[in-house]
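Chemist: Below you'll find the structure I mean.
Values quoted throughout were computed directly from the atomic coordinates according to the rules given, and no laboratory measurement underlies them. As the structure is a prediction and not an experimental result, all values here were calculated from the model. Note that we place each Cβ from the backbone using ideal geometry, even for glycine, and neighbour counts take in every protein chain shown.
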Amino acid sequence: MNEKLQSIKNETLAKLQQVRDEAELEALNVSVLGRNGSLTDILRSMGKLQKEERSIVGQAANRIKKELETEFETRKAKLSETLMEKRFALEAIDVTEPGKRRLPTGRLHPMTQTYREIRDVLVGMGFTTYGGPEVEYDDYNFTKLNLPLDHPARDMQDTFYVNDRVVLRTHTSPLEARALLNLEPPFRLVMPGRVFRVDEVDASHSPVFMQMEGFVVDRNVSLADLKGTLLAFVKAVFGEDVKMRFRPSYFPFTEPSAEVDVSCTICGGKGCRVCKGTGWLEILGCGVTNPHELENCGLDPKEWNAFAFGLGVDRITSLKYGISDIRLEYENDARFLSQF
Ligand code: DAH
């Protein structure tokens, strides 16, 4: 009987070393210690033994049973440990490894990039930024800028009226009036913002677009200062080789007034589809501020004078990047925007 017990023990211990997972371990456990297991069989058959033999064999059998149970436990712990180790190895993350997949990142809108670039050029010349509301008094949008109610030039811009006295600003020029009324001259300001006009959407029109106003108020500024400032500005934005042209024009808030053209950024001035064969592209309106505007805003035009210019940020963006349809700049299609 004792020999049989020993051989069950040895066999079990040997097999125990060979089990590879918990299922095998469980099967082995059942075959030895289970209800019909080899050891259980022996324990059960002990009733048939003589009394003394029963106690000796019983003790031995119970000891072996305990030993085996402990061995099973140890083996089980060991198995789950190796299982964990395998999982850890499998799931290990090397935090020093460089990323393989690029996450999509946002970027600045081309108009924002352009705006910041041209703003920075002016900031480099001593300008500071200034802003105001998009819903504006008619008084600031027109009247103070030398456009009284009956002025025919009000028709130059189709206006969204909120009521008799309030409009959606049609340009950034009302910021000139706000600056004159609120700031102590002298000052140099760059004033960006969204502006609104009653326009159908097409390749070159949008009812909402972005302008930027430059405004310099000082004691002795002249048309020459305006021209010098704009030439430096144009070269910084479009490159040293660009040519600039001052063309006489009319704006109620400036006298004299001019429009500025640059040599075509696409063909360099030879004439192409973009410049419609002229070699020139219009980029902004400007002039020496009309004394009426200064007076309307409480400044003595004998002591102070000013110059101003206003440009479309969308237009400069189109010219810089060769974008042929303004709608692309306002529709925010990610496929378009991701190219910049
Ligand atoms: N406000 C004008 C417009 O939207 C642009 C402009 C022209 C602004 C001449 C100026 C200027 O400051 O001097 O059409």
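Chemist: Would you calculate, for the chain, the mean residue ellipticity at 222 nm contributed by helices, counting each DSSP H stretch of 4 or more residues as -39,500 (n - 2.57) and dividing by all residues, to the nearest 500?
Modeler: Dividing the helical sum by the residues of the chain leaves -13500 deg cm²/dmol.
Chemist: Assuming a ≥ b ≥ c are the square roots of the Cα gyration tensor eigenvalues, decide whether the chain counts as rounded (a/c under 1.5), prolate (otherwise, with a/b larger than b/c) or oblate.
Modeler: prolate
Chemist: Tell me, how many Å apart are the Cα centres for region 112-141 and for region 317-340?
Modeler: 21
Chemist: I need the semi-axes of the equivalent ellipsoid of region 266-336: take the C-alpha gyration tensor, multiply each eigenvalue by 5, square-root it, list largest first in whole angstrom.
Modeler: In descending order, the three semi-axes are 36, 18, 7 Å.
Chemist: Right, next: Among TYR130, MET212, SER7, whose Cα sits farthest toward the positive end of the charge dipole of the chain (+1 at Cβ of Lys/Arg, -1 at Cβ of Asp/Glu, about the Cα centre)?
Modeler: The residue sitting most towards the positive pole is SER7.
Chemist: What list do you get for VAL221, VAL208, VAL262 if you sort them by fewest beta carbons within 10 Å?
Modeler: Arranged by neighbour count, lowest to highest, VAL221, VAL208, VAL262 become VAL208, VAL221, VAL262.
Chemist: Based on DSSP H assignment, which helices of the chain show an axial Cα extent of at least 20 Å together with a mean Kyte-Doolittle hydropathy greater than or equal to 0.5?
Modeler: 223-238
Chemist: Related question: What does the extension gain come out to for ARG107 and LEU90, with contour length at 0.36 nm per residue minus their alpha carbon separation?
Modeler: Gain on stretching ARG107 to LEU90: 2.5 nm.
Chemist: Using a Gaussian network for the chain with springs between C-alpha atoms less than 10 Å apart, which of these wobbles most: ALA232, ALA23, ALA224?
Modeler: In this elastic network of the chain, the residue with the biggest mean-square fluctuation among ALA232, ALA23, ALA224 is ALA23.
Chemist: Normalising by the residue count of the chain, find the relative contact order in percent from Cα pairs under 8 Å and 6+ residues apart.
Modeler: Over the chain, the number comes to 14 percent.
Chemist: Gaussian network model of the chain, Cα springs within a sub-10 Å range: biggest mean-square fluctuation belongs to which of ARG197, ARG119, ARG75?
Modeler: For the chain, modelled as a Gaussian network with Cα springs under 10 Å, the answer is ARG75.
Chemist: What is the magnitude of the charge dipole of the chain about its Cα centre, with +1 placed on the Cβ of each Lys and Arg, -1 on the Cβ of each Asp and Glu, and no other charges, expressed in debye to the nearest 20?
Modeler: In total the dipole reaches around 2060 debye.
Chemist: For the chain, modelled as a Gaussian network with Cα springs under 10 Å, which listed residue fluctuates most, ASP300, ASP21, ASP325?
Modeler: ASP21
Chemist: Let me ask something else. So for region 110-337, taking the charge dipole from beta-carbon charges (+1 Lys/Arg, -1 Asp/Glu), which of ALA177, GLY310, PRO110 sits furthest toward the positive end?
Modeler: Toward the positive end, the furthest listed residue is PRO110.
Chemist: When the scattering of region 2-91 is computed by the Debye formula from its Cα atoms alone, each counted once and equally, what is log10 I(q)/I(0) at q = 0.14, 0.16, 0.23 Å⁻¹?
Modeler: Rounded to two decimals, the profile gives -0.54, -0.66, -1.10.
Chemist: Modelling each spin label as a point 7 Å along the Cα-to-Cβ direction, I'd like the SER55/GLU97 distance in nm, to one decimal.
Modeler: It works out to 6.7 nm between the two label points.
Chemist: Can you give the charge dipole size of region 44-94 about its Cα centre, rounded to the nearest 20 debye, using +1 on the beta carbon of Lys and Arg and -1 on the beta carbon of Asp and Glu?
Modeler: So the dipole magnitude of region 44-94 works out to roughly 500 debye.
Chemist: Another question about this same structure. Just list whichever of LYS235/LYS270; LYS144/LYS227; LYS51/LYS76; LYS144/LYS276 have alpha carbons separated by over 30 Å in the model shown.
Modeler: Check vs 30 Å cut-off fails for LYS51/LYS76; LYS144/LYS276.
Chemist: Test of understanding: extend the Cα→C-beta vector of ARG165 to 7 Å, then name every residue of region 118-159 with backbone N under 16 Å from that spot.
Modeler: In region 118-159, the label zone of ARG165 (backbone N under 16 Å from the point 7 Å along Cα→Cβ) covers 135-144, 149.
Chemist: What is the dipole size for region 1-152, taken about its Cα centre, with +1 at each Lys and Arg Cβ and -1 at each Asp and Glu Cβ, in debye to the nearest 20?
Modeler: Once rounded to the nearest 20, the dipole reads 1340 debye.
Chemist: Be a star and scan region 121-148 for residues whose amide nitrogen sits under 13 Å from the point 7 Å along the Cα-to-Cβ vector of ASP218.
Modeler: 125-128
Chemist: Moving on. No other cysteine beta carbon under 4.7 Å away is the test; run it over the chain and list who passes.
Modeler: Result for the chain is CYS286, CYS297, no neighbouring Cys Cβ within the cutoff.
Chemist: Can I ask one more? Need the list of lysines near LYS78 for cross-linking: C-alpha distance under 26 angstrom, and skip anything on the same chain fewer than eight residues off.
Modeler: The qualifying lysines are LYS9, LYS15, LYS65, LYS66, LYS86.
Chemist: Near MET244, within a Cβ-to-Cβ distance under 10 Å, what is the net charge of the other residues, with Lys and Arg +1 and Asp and Glu -1?
Modeler: That works out to +3.
Chemist: Let me ask another. Place a point 7 Å from Cα of ASP150 in the direction of its Cβ. Which residues in region 282-326 have their backbone N less than 12 Å from it?
Modeler: none
Chemist: Listing PHE88, PHE215 from the residue with the fewest other Cβ atoms within 10 Å to the one with the most, what is the order?
Modeler: By the 10 Å Cβ count, ascending: PHE88, PHE215.
Chemist: Sticking with this one: Towards the positive end of the charge dipole of region 219-280, with charges on Cβ (+1 Lys, Arg; -1 Asp, Glu), say which of SER257, LEU226, CYS272 has the farthest Cα.
Modeler: CYS272
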